[in-house]
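Right, one structure below, let's go through it.
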Amino acid sequence: MIESAGPGLSTRLFVSLRRRDQRTKAELYLTGLLATEGRKSVRNISASLHGAGDGATEQSLHHFITSSTWDWTPVRTALAHALTERAPQHVWTVRALPIPKAGTHSVGVDRLYVPGLGQSIHGQLAFGLWCAGERLTAPVDWRLHLPGSWLNDARRRTRAEIPASAVPEDPDECAVALALAGRTTARPVVLDHVTARPAAVADAFVRAGVPFLARVTARTPFAVADPALPGAGAGHLPAGQILQALRGLRRPVEWPDPGRRPARRTSLVAAVPVRAGRRAHRHRLRLLGEWSDAHRPPTALWLTGVRGASTGALLRLTKYAARVRAEGEPLGDRVGLRDFEGRSFPGWHRHMTLASVAHAMSAVASVADIAYELPLSA
């Protein structure tokens, strides 16, 4: 269990770094992420630690992130174990992280449409796996979406050190692959990403035996699966239309909102058995709708394969994703999740790993109401 946010945590997480100099540099970089004001570039971190113009520290940290041989996977696994010990009733939440970029050389940069923003950006699109508990929220794993403009260009792949294992995938596939890879406990997954192919997403989670909720839009088509309900036999209809037609099924559900006042809120919720995809779907799925105003359309729509859960329990699961949006992402910006300025695939992953550790230290300190100790004196 994480007993404090001090050196004990970093020692535990960096045990896979077998060389002492690597552990020292990891703690130095972590200290810089926590102590540096503004953008967490290697140059700014070096200046914050040892003053501007310290070229030796800057070069050493740059090499540690971009060119060293240490594997980020064991660090992330250790981080996930540490956080789930402290938050045993957690939910895994997957969120897209758009990272705007001005240039064209950072790995994965392209013109990308971000559904959550409803617009295109020039930059990178990453997906983060967050451990979201009642009080503690922090990212534990990352997957960078790589467009065909990078994967199909041998020269760009070589320069960015993209591994041969990286294959083309759409954002849905990227998000699902992250959610199903290396999870430490069989807790539900909340895919807080607007899915373009809900039937394929449902198939992947059901085959893996993982309970899930995936965000959909009012335009996503489904077929009502219960012959006793209005709309059954009418083929595929927009999700918003289905829920509005069955709004008589809504029930009030109270849910905790610790970040606001009043701390408990109430929404209207309905869950409708549906089929996804154009073929008769073999999985038992439900379309979940949430209304914050009884006289307006639903404010949130989810497809779920979670069985045996009440509509209230399902709604409360979705609120873990809301906590990541409201609490986790602002803290992520403060510890530099979007700040890596290097160009390589391994460098990006190493930076994101250490930024996730910095996030966890800050989150644990906040929950415990203590001041975290920097791993190394700045």
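The label-point distance for Arg18 and Glu37, in a model that sets each label 7 Å from Cα toward Cβ, rounds to 4.3 nm.
Bridgeable lysines around Lys40 (alpha carbons under 21 Å apart, same-chain partners fewer than 8 residues away excluded): Lys25, Lys101.
Report, to the nearest whole %, how much of the accessible area of the chain belongs to carbon and sulfur atoms, 1.4 Å probe, protein only. Of all accessible area on the chain, carbon and sulfur atoms account for 51 percent. In the complete set of protein chains, residue-level accessible area for Asp226 is approximately 50 Å², probe 1.4 angstrom.
Just subtract the alpha-carbon distance of Thr69 and Arg284 from 0.36 nm times their residue separation and send over the number in nm, one decimal.
Computed gain between Thr69 and Arg284 is 72.9 nm.
Probing with 1.4 Å while keeping every protein chain in the model, the per residue accessible area of segment 72-202 equals 40 Å². At full extension, Glu254 and Arg296 could sit 13.2 nm farther apart than now, given 0.36 nm per residue minus the alpha carbon distance.
Note that segment 148-164 has calculated 3J(HN,Hα) couplings of x, 4, 9, 6, 9, 10, 4, 5, 5, 4, 5, 4, 8, 6, 6, x, 5 Hz, one per residue in order, obtained from phi through the Karplus relation 6.51 cos²θ - 1.76 cosθ + 1.60 (θ = phi - 60°); glycine and proline are x.
Summing Cβ point charges (Lys, Arg +1; Asp, Glu -1) relative to the Cα centre of the chain gives a dipole of roughly 980 debye.
Solvent-accessible surface of segment 213-343, averaged per residue with a 1.4 angstrom probe and all protein chains in place: 51 square angstrom. Under a 5 Å amide H cut-off, with hydrogens placed 1.01 Å from N, Asp192 pairs with Val94 among residues at least 5 apart or on other chains. Between Ile121 and Arg155, the simple spin-label model (points 7 angstrom out along Cα→Cβ) gives 2.8 nm.
Pull out a ≥ b ≥ c, the square roots of the eigenvalues of the alpha-carbon gyration tensor of segment 25-72, then state rounded if a/c is under 1.5, prolate if not and a/b is larger than b/c, and oblate in the remaining case. Verdict is oblate for segment 25-72.
Over all other residues within a Cβ to Cβ distance under 11 Å of Leu13, the charged ones net out to +2, with Lys and Arg as +1 and Asp and Glu as -1. Put a plus charge on the Cβ of each Lys and Arg, a minus charge on the Cβ of each Asp and Glu, and nothing anywhere else: the dipole of segment 294-339 about its Cα centre is then about 240 debye.
With each label modelled as a point 7 angstrom along the Cα→C-beta vector, the Asp333-Ala164 pair spans 4.2 nm. Under the rule a/c < 1.5 gives rounded, and otherwise a/b versus b/c splits prolate from oblate, where does segment 169-311 land using the Cα gyration tensor? Because a/c hits 1.5 or more and a/b fails to exceed b/c, segment 169-311 counts as oblate. Membrane-span-like helices in the chain (whole DSSP H runs, Cα extent of at least 30 Å along the helix axis, mean Kyte-Doolittle hydropathy of at least -1.0): 345-368.
Judged by the gyration tensor of its Cα atoms, with axes a ≥ b ≥ c, segment 39-163 is oblate; a/c meets the 1.5 cut and b/c is at least as large as a/b. Taking Lys and Arg as +1 and Asp and Glu as -1, the other residues whose beta-carbon sits under 15 Å from that of Asp170 total -3.
The values are calculated or read from the model by the stated rules, or taken from the named source; none is laboratory data. Computed from a predicted model, the values in this text were never measured in an experiment. Backbone-built Cβ (ideal geometry, glycine too); neighbour counts: all protein chains shown. Note: areas computed on protein heavy atoms with side chains; ligands, DNA, RNA excluded. Shrake-Rupley method; radii C 1.70, N 1.55, O 1.52, S 1.80 Å.
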